[in-house]
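First comes the structure, then the notes that go with it.
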Amino acid sequence: MPAITFQQVCKTYPPTRQQRAQGKTGLRAVDDVSFQIEEGEFFGLLGPNGAGKTTLISMLAGLSRPTSGAISVRGFDVQTAYAEARRQLGIVPQELVFDPFFNVREALRIQSGYFGIRDNDAWIDELLQSLGLADKATANMRQLSGGMKRRVLVAQALVHKPPVIVLDEPTAGVDVELRQTLWQFIARLNKEGSTVLLTTHYLEEAEALCHRIAMLKQGRVIALDRTSELLRNAASNVLRFKTDGILPSALAAQARITGRIVQLPAQNAFEVERLLATLRQAGLAVEDVEMRKADLEDVFIDLMAGEQTPLEVAR
Ligand SMILES: Nc1ncnc2c1ncn2[C@@H]1O[C@H](COP(=O)(O)OP(=O)(O)OP(=O)(O)O)[C@@H](O)[C@H]1O
Ligand SMILES: [Mg+2]
């Protein structure tokens, strides 16, 4: 049985009063999404801001209802068997939400209580240890830094040892050290059999961790494959150089630009030659020219630059 099943899931947010006055009908944040995540998989859900990742996860968590379609977790429908489905899930939310009146250990005990678990301190200690929170056990939640709160949210999601772990941008605002600790810990839980669904804007993390990846754009799945396949099907090479000039617009559309560094897909030597000629003709001085293999970020940019899909619905 799959760990998670999305079946033709749609979510349309009703228009605000202002939008209705403008004759708009609403926003289809999730548009006919169907896929399954197998037991034990480490699965990545990627997409730009507003693609519908959090909307999909909040429906999975039973926090909002799909406009149509169905979602189940290990065979439990998230609406008709809410409690069972919820018990299968450990969800780390994107937003930092917490109760400011408790200390870290108390918060974790209370969360255990929600799932009917008593005497959970051995596991709570292990969580605190694994997430670098051991010396914060008695700190009040509101005294913690943003990154520390994020760690507590991860611990909270895991108090009931859920078989399916859902992480909505768990490393946003988290320092390098915790990112490493966190991934070691999550990778261990995955090795021990937990299913992991991860959303992140750090594509390097996704490339390193995820077995399969779905890419969402404007609520639709526009790619879903094994990570290795996504990389194999990408433009195999990338031309990288530095410049102070402005790229011709035809090139800029497919470029990945970080400050002075420009990266452009190039399949072969012929294309490299053509790109360099175009740059020369545009009068651009380039330096530190090099080639490298395409990575997930290149694949992502390539896919997202594809055709636009309609966002407003008139259905
Ligand atoms: N409660 C809501 N009411 C109306 N529109 C919403 C609501 N929540 C989200 N949206 C809209 O739905 C779309 C998808 O939002 P969502 O939060 O799912 O995106 P996301 O992929 O998680 O983005 P990010 O990477 O920024 O977290 C966006 O256009 C957003 O503005
Ligand atoms: Mg989100």
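What follows draws every value from the coordinates through simple rules; no lab data is involved. Quick caveat, the model's predicted, so the values are computed rather than measured. Using ideal geometry, Cβ is built from the backbone for each residue, glycine included, and neighbour counts are taken over all protein chains shown.
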Exercise. If you stretched the chain out fully between E95 and L251, how much longer would it get, using 0.36 nm times the residue separation minus the C-alpha to C-alpha distance?
Worked result: 52.5 nm
Seminar exercise, completed: Relative contact order in percent for region 236-293 (Cα pairs under 8 Å, 6+ apart) equals 55 percent
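Quick one: R109, R17, R142, fewest Cβ neighbours within 10 Å first, how do they rank? Provide the component values of the computation, followed by the final result.
Working: R109 18, R17 7, R142 12.
Ordered from fewest to most neighbouring Cβ atoms within 10 Å, R109, R17, R142 come out as R17, R142, R109.
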Seminar exercise, completed: By Cβ neighbour count within 10 Å, fewest first, E271, E205 rank E271, E205
Exercise. Can you work out D for the chain in µm² s⁻¹ from Stokes-Einstein, where Rh is the Kirkwood radius over C-alpha pairs, the temperature is 4 °C and the viscosity is 1.567 mPa s?
Worked result: 60 µm²/s
Exercise. Taking the alpha-carbon centroid of each part, what is the distance from region 243-299 to region 106-144 in angstrom?
Worked result: 50 Å
Exercise. Considering the alpha-carbon set of region 6-89 alone, what are its Rg and its Dmax in angstrom?
Worked result: 14.3, 48
Problem set entry | Size of charge dipole - region 236-293 - debye, nearest 20, with Cβ of Lys, Arg +1 and Asp, Glu -1, no other charges | 160 debye
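Provide the packing ranking of 126-132, 149-155, 188-194, i.e. peptides ordered by the mean count of other C-beta atoms within 10 Å per residue, highest first.
Working: 126-132: 17.9, 149-155: 22.9, 188-194: 14.0.
Result, highest mean Cβ count within 10 Å first: 149-155, 126-132, 188-194.
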Seminar exercise, completed: In Å, the Kirkwood estimate of hydrodynamic radius for region 236-293 over Cα pairs equals 11.2 Å
For this session: Count the lysine pairs in the chain whose Cα atoms lie under 20 Å apart, taking only pairs 8 or more positions apart in sequence or on different chains.
Result: 8
For this session: Restricting to the chain, compute how many DSSP beta bridges are antiparallel as a %, nearest 5.
Result: 70 percent
